Every structure is written in structure tokens, then in C-alpha cells.
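The values are calculated or read from the model by the stated rules, or taken from the named source; none is laboratory data. All values reported here derive from a predicted model rather than from experimental measurement. Quick reminder, even Gly has a Cβ in these numbers, built from the backbone with ideal geometry, and neighbours come from all protein chains shown. What goes into the accessible areas is simple: the full protein's heavy atoms, side chains included, and nothing from ligands, DNA or RNA. Shrake-Rupley method; radii C 1.70, N 1.55, O 1.52, S 1.80 Å.
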Amino acid sequence: MSSDGLTAWAYRLSESLLAQPLPRRWQHCLGVAERARSLAPILGEDAELMEASAVLHDIGYSPGLAKTGFHPLDGARYLRDVARADVRVQRLVAHHSCAWMEAEARGLRDELEEEFPRELPHLADALCFCDMNTTPDGTPTNPVDRVNEIAGRYGSDSLIGTFIRRAEPEILASTARVLERLAAAKR
């Protein structure tokens, strides 16, 4: 499948899994994919891979896919076992936005890391940047406001609230690394 084919396929799959049951989540994924397109100057040949991964990153929330309740793992397993997606897309979805920290809190870190080795760090940074700079409605935001929104939505004492506060320094570091690469590319 060509890279253009990968992206078109990813949009169709994500829409089929999210648009009807979770329209707000679908809008978020579209916004994350839009952020991914903005990173094309620093992603080179991985730009299409990133856009495809971005639009698919939250498919694990789809009611038919949610098995463990941990959406990165559920989504990656679906991409591997049912959709037969590119292994790099599987890995990016599995590990998006510091997922290993949430997996650890859920007792799923070993499963996550055994089934899905991590992708290259600059790609993990890029997907985290895209996710954490996009609101639930798909509009641009910044990672501080996004972390606050997540903690507020789930409750600061919830598993997600605790995870996102623990992940915040790495989320901010990922964002800084991406912004440094964008600035260097413009020079």
C-alpha cells in the first residue's frame, strides 16, 4: 500500500469506528491528524505514517474494540489482529502520549511493551505533540491547558487524572523537542 493509500485507509477506518458512536472523539482525531500534517517539514518520509497514526490513535475507545479499558492497547490490538495495519502504526497507537505510564498504573505495562515495542523517539514525540495540542473537539490548544482539561474531565484523583499529572513533565518535554525541531527546520 502506498503512503497515500495508508492515510486514506486510516481515515476511513477511524471514521467507521468513531464517527457514529463517538462523534466528539472522531473530531479530536481529525484535529490530531491536522496537527500531524503541520509537522510534515520535520517528519520527511514519515509524514504520512504520522498522519495515519494520528487519525487512528484513539480508536481503542470505540465500543466494539474496548476490551481492557486501556484504549492504546485495545486500539493497537485491533490494528494488528483485525485491520492488519502497518506495524509502525500499531506501535505508535499503542504508545501514544506516554501510554506506558497509564499502562503501568493499570498493571498492563508488560503486556503493552511485549506486544508492541516502542517506535522511534522522535515519532513518539510528534504524536504526543499532536494529541496534547488538540482539544477534545479537535481545535488547537497547548499541552498545559490540555493536561488540565483531561485532569478536570476525569477527576484529579482518578487513575487518568493521576496518570496525566505524572506524565505532564514528559508531555511538556516532548512538545519542547518537537518545537525545537520545527524551529531548526525553519532556520
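Within the stretch 27-55, the only residue that satisfies the criterion of being more than 24 Å from ALA185 (Cα to Cα), surrounded by fewer than 23 Cβ atoms within 10 Å (Cβ to Cβ) and either in contact with a helix residue (DSSP H, G or I) (Cβ under 8 Å, 6 or more places away or on another chain) or acidic (Asp, Glu) (or both) is LEU30. Test PRO140 against the stated conditions and say whether it is touching a helix residue (DSSP H, G or I) at 6+ places or on another chain (Cβ under 8 Å), open to solvent by 60 Å² or more (accessible area, probe 1.4 Å), closer than 22 Å to ARG25 by Cβ and not charged (D, E, K, R). In short, yes. Looking at the stretch 1-53, the helices (runs of 4 or more DSSP H) lying wholly inside it that each contain 1 or more residues that are among the β-branched types (Val, Ile, Thr) and more than 14 Å from LEU127 (Cβ to Cβ) sit at 3-18.
Of all residue pairs spaced 6 or more apart or on separate chains, those with beta-carbon atoms under 9 Å, a first member in the stretch 21-44 that is within 23 Å of LEU65 (Cβ to Cβ) and modelled with pLDDT of 95 or more and a second member that is β-branched (Val, Ile, Thr) and in a helix (DSSP H, G or I) are ARG25/ILE59; CYS29/VAL55; CYS29/ILE59; LEU30/VAL55; VAL32/VAL55; ALA33/THR7; ALA33/VAL55; ALA36/VAL55.
Within the stretch 69-99, work out how many residues are in a helix (DSSP H, G or I) and surrounded by 18 or more Cβ atoms within 10 Å (Cβ to Cβ).
Looking only at the stretch 69-99, we keep the residues that are in a helix (DSSP H, G or I), and these are 71-81, 87-94, 99.
So of that shortlist, the ones also surrounded by 18 or more Cβ atoms within 10 Å (Cβ to Cβ) come out as 71-80, 89-94, 99.
Of the residues in the stretch 69-99, 17 are in a helix (DSSP H, G or I) and surrounded by 18 or more Cβ atoms within 10 Å (Cβ to Cβ).
Scanning the stretch 100-114 for residues that are part of a helix (DSSP H, G or I), of a type outside the set (A, V, I, L, M, F, W, C) and open to solvent by 60 Å² or more (accessible area, probe 1.4 Å) yields GLU104, ARG106, ARG109, ASP110, GLU111, GLU113, GLU114. What do you reckon, is ALA183 under 23 Å from GLU34 (Cα atoms) and surrounded by fewer than 19 Cβ atoms within 10 Å (Cβ to Cβ)? Criteria met by ALA183. Only residues that are within 18 Å of GLN20 (Cβ to Cβ) and over 12 Å from the mean Cα position of the chain (by Cα) were counted in the stretch 62-73, giving 5.
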